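Peer 1: Dropping the structure in here first, questions after.
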Amino acid sequence: MKGGRLSADIFNEVVDETLSRYDKLVDHFEEELMASGVPPFAVPETEVGQYQKLLAMEAAGDPDYHTDPVAQKALAKFKLQFGGA
């Protein structure tokens, strides 16, 4: 019996709509939880902590530091603010 109230086509439409709404809801919650830029239940790193981490990355030759102009710019700013290592 194709197209009836209890057929698979109707059930599949309900499942698809439910999953679509669930995905949208999860995306919305993720956006709201990350609005501050810090994951939930995480403590934001202090500027001194960021400075120390970038100094260690620079000294270790970490490619994440040496290939990231944003990190290099941040370290230059921190060096002006806190002085050299």
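The values are calculated or read from the model by the stated rules, or taken from the named source; none is laboratory data. This one's a predicted model, so the numbers in the text were calculated from it and none came from an experiment. Neighbour counts are summed over all protein chains in view; Cβ atoms, including those assigned to glycine, are modelled from backbone coordinates with ideal geometry.
Peer 1: Give the residues of the range 30-67 that are surrounded by 11 or more Cβ atoms within 10 Å (Cβ to Cβ) and among the aromatic types (Phe, Trp, Tyr), sorted by residue number.
Peer 2: Tyr51, Tyr65
Peer 1: All but one of (1) more than 30 Å from Gly83 (Cβ to Cβ); (2) modelled with pLDDT of 90 or more; (3) among the aliphatic types (A, V, I, L, M) hold for Ala56; which doesn't?
Peer 2: It fails just one condition, (1).
Peer 1: Look at Asp23 and say whether it is surrounded by 11 or more Cβ atoms within 10 Å (Cβ to Cβ), out of contact with any Cys (no Cβ under 7 Å at 6 or more places or on another chain) and not aliphatic (A, V, I, L, M).
Peer 2: No, not satisfied.
Peer 1: For the range 25-53, how many residues meet the condition of being of a type in the set (Phe, Trp, Tyr) and under 17 Å from Phe82 (Cα atoms)?
Peer 2: Of the residues in that region, 1 qualify.
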